[in-house]
Amino acid sequence: MLFKQLMQPLAEVFFPRSCLHCGDAVECSDYQFLCSACSRELFFSKPPTCSICGYPFFGILAGPRVCPHCAELDPLFDQGKTLFLAKGPARSIIHVLKYQYGFYALEDVKAMIAKAPYYKNYFDGGILVPVPLHPTKERERGFNQSLMIAKSLNEATSAKDLQKLLVRTMYTQTQTQLSRAARYQNVKNAFALAPDAVVIPNQTYILIDDVFTTGSTLNSCAAVLLEAGATQIKVATLGHG
Ligand SMILES: [Zn+2]
Ligand SMILES: [Zn+2]
């Protein structure tokens, strides 16, 4: 133990961690895997934000707080929040997490949440429900990134619990190349309630996904929870795409 305690700082002198975005050595940074220069490029989604997707509004505004992207969505959930905009270093965090088994990056995500009370407090008392992957996709990838994110949120916030209430019943093609309308059709009816799921009315459920893009996936998940009797549904993502 003592040996390890001594060796750890030494190892960092000889082999400094490199920034997951730019590759430079990470020194004097608030984060373990992002250098201080890249940390400054993070764009946190601070209030005021769109009430549906969490996209930040710039400046003071009056009237309904819904951004132009969400105006067409017809959301089945009540509210949404996102931690940061999914560009630059934030995009790299999501990328290593999703495609390179970079779960270590979640330690930095937890540190970011600790500094963002407007995001952290959003989870108080809620039950976190990760957006599921189809079993075939999960086998291919090896894990479900939304579940990994939900686990970190469960640790970093005062959420009440994490429950895998949903399953993905359809293997859908990747959404990245699809139009908004095609995305909606693609995920419509793609989800179902897990066989052992119990949904309690008046309990707040918070759907968790890695990125908010059009909201169609989250909306399809919300439809299943609504159908099962949920009355309070929110969504949260790490990034806004
Ligand atoms: Zn960097
Ligand atoms: Zn929006």
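Every number in this text was worked out from the coordinates using simple rules, so none of it is lab data. Just so it is clear, the model here is predicted, and its values are computed rather than measured. In this analysis, Cβ positions are derived from the backbone assuming ideal geometry, glycine residues included, and neighbour counts consider all displayed protein chains.
Numbers below:
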| read-out | value |
| --- | --- |
| Sequence of V167, V131, V198 once ranked by neighbouring C-beta atoms within 10 Å, starting from the fewest | V198, V167, V131 |
| Exposure proxy ranking, count of Cβ atoms within 10 Å, fewest first, for I113, I93 | I113, I93 |
| Antiparallel bridge percentage (DSSP; both residues within the range 42-240; nearest 5) | 20 percent |
| Fewest-first sequence of S51, S36 by Cβ atoms within 10 Å of each Cβ | S36, S51 |
| Acute angle (nearest 10 degrees) that the helix 2-14 long axis makes with the longest principal axis of the chain, alpha-carbon atoms | 90 degrees |
| Nearest-ten-degree value, helix 105-114 long axis tilted from longest Cα axis of the chain | 80 degrees |
| For the chain: relative contact order, % (alpha-carbon pairs under 8 angstrom, 6 or more apart) | 20 percent |
| Size of charge dipole - the chain - debye, nearest 20, with Cβ of Lys, Arg +1 and Asp, Glu -1, no other charges | 200 debye |
| Nearest-ten-degree value, helix 216-227 long axis tilted from longest Cα axis of the chain | 60 degrees |
| E41 versus D124: modelled label distance in nm, points set 7 Å from Cα along the beta carbon direction | 3.6 nm |
| Spin-label pair A192/T231, simplified geometry with 7 Å Cα→Cβ offset, distance in nm | 2.8 nm |
| 222 nm mean residue ellipticity, helices alone, for the chain (DSSP H n ≥ 4; -39,500 (n - 2.57); rounded to 500) | -10000 deg cm²/dmol |
| Around K98: net Lys/Arg minus Asp/Glu count, Cβ-Cβ under 9 Å | 0 |
| Cβ-defined net charge surrounding S146, 13 Å radius [Lys, Arg +1; Asp, Glu -1] | +3 |
| Globularity ratio of the chain, using Cα Rg and 2.2 N^0.38 Å | 1.06 |
| Cα-Cα over 22 Å, subset of K110/K151; K46/K137; K151/K188; K137/K160; K98/K160; K87/K137 | K46/K137; K151/K188; K137/K160; K98/K160; K87/K137 |
| Calculated P(r) tail over 22 Å for the range 123-232, as whole % of Cα pairs | 29 percent |
